[in-house]
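Engineer: Mind having a look at this structure? Questions to follow.
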Amino acid sequence: MNVSQYMTAKLHTAHPSEGVRQVFFRMREHGVRHLPVVDDNRRLVGFITDRDIRRPDWVDEAIDVAHAYRLDDDLEVADLMTTNVMAVQASDSLKKAVAIFLDRRYGALPVQDKNGELVGILSAIDLVKALSDLLPLAAEE
């Protein structure tokens, strides 16, 4: 079993110069929590997650979404994104991806082809789908 069998190929991405508010609401619209960040040449330059956008010191006291998240109009994706991004290749084994998820406590990984081009994303939900395929049908009874 390899990454390409379970990754999500329909990608939603962000650009470093985009406003965080715009990207946050795109994530909500598409029901995703992780977005690869790509430059003008569609090369992976970072990763932004809902955790990056959250205000950790306000979570318990948040009145609304605007208070729980850093949605300031002057913040760009480049201000909050992770730049030292670990990615997997589409041809990598799921076992390798799972090891990264467990070791780094990631919720998703960008997926690249052998030329380093972004071709998908592998999320924890994708791994649950793989697990489901491995479980015997008899276990459902």
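Engineer: Give all pairs with beta carbons closer than 8 Å in which a residue from region 99-111 that is free of Cβ contacts under 8 Å to residues at least 12 places away in the same chain and within 14 Å of L127 (Cα to Cα) meets a residue that is among the charged types (D, E, K, R) and surrounded by 14 or more Cβ atoms within 10 Å (Cβ to Cβ); count only pairs at least 6 apart in sequence or on separate chains.
Structural biologist: That search, which allows pairs on different chains as well, returns nothing.
Engineer: Could you check region 91-135 and list, in sequence order, the residues that are under 12 Å from the mean Cα position of the chain (by Cα), closer than 18 Å to V37 by Cβ and outside any strand (DSSP E or B)?
Structural biologist: Of everything in region 91-135, those that are under 12 Å from the mean Cα position of the chain (by Cα), closer than 18 Å to V37 by Cβ and outside any strand (DSSP E or B) turn out to be Y106, G107.
Engineer: Now a separate question. Could you list, in sequence order, all residues of region 93-123 that are surrounded by fewer than 16 Cβ atoms within 10 Å (Cβ to Cβ) and touching a strand residue (DSSP E or B) at 6+ places or on another chain (Cβ under 7 Å)?
Structural biologist: S93, K96, G107, D113, K114
Engineer: Let me ask something additional. Please work out if A90 is crowded, with 16+ Cβ neighbours inside 10 Å and modelled with pLDDT of 95 or more.
Structural biologist: Considered against the rule, which asks whether it is crowded, with 16+ Cβ neighbours inside 10 Å and modelled with pLDDT of 95 or more, A90 comes out as yes.
Engineer: Let me ask you something else. Which residue pairs have Cβ atoms closer than 8 Å, lie 6 or more positions apart in sequence or on different chains, and pair a first residue in region 1-14 that is part of a loop (DSSP other than H, G, I, E, B) with a second residue that is of a type in the set (G, A, S) and at pLDDT below 95?
Structural biologist: From region 1-14, the pairs are M1/A130.
Engineer: Let me ask something additional. Enumerate the pairs (first residue in region 117-139 and modelled with pLDDT of 90 or more; second residue anywhere and loosely packed, with under 12 Cβ neighbours inside 10 Å) with beta-carbon separation below 6 Å, excluding pairs fewer than 6 apart on the same chain, so at least 6 apart or on different chains.
Structural biologist: Pairs found: G120/A9.
Engineer: Still on this model: Of the residues that make up region 19-36, is at least one more than 12 Å from the chain's Cα centre (by Cα), assigned to a loop (DSSP other than H, G, I, E, B) and at pLDDT 90 or above?
Structural biologist: No, region 19-36 has no match at all.
Engineer: Say we look at region 1-37 and pick out the residues that are in contact with a helix residue (DSSP H, G or I) (Cβ under 9 Å, 6 or more places away or on another chain) and aromatic (F, W, Y); which of these is farthest from I121 (Cα to Cα)?
Structural biologist: So the residue we want is F24.
Engineer: Taking the condition over 28 Å from I53 (Cα atoms) and either in contact (Cβ under 8 Å) with a residue 12 or more places away in the chain or not charged (D, E, K, R) (or both), does L75 pass?
Structural biologist: The answer is no for L75.
The values are calculated or read from the model by the stated rules, or taken from the named source; none is laboratory data. Note that this is a predicted model, so its numbers are computed, not measured. No Cβ is skipped: glycine too gets one built from the backbone with ideal geometry, and neighbour counts run over all protein chains shown.
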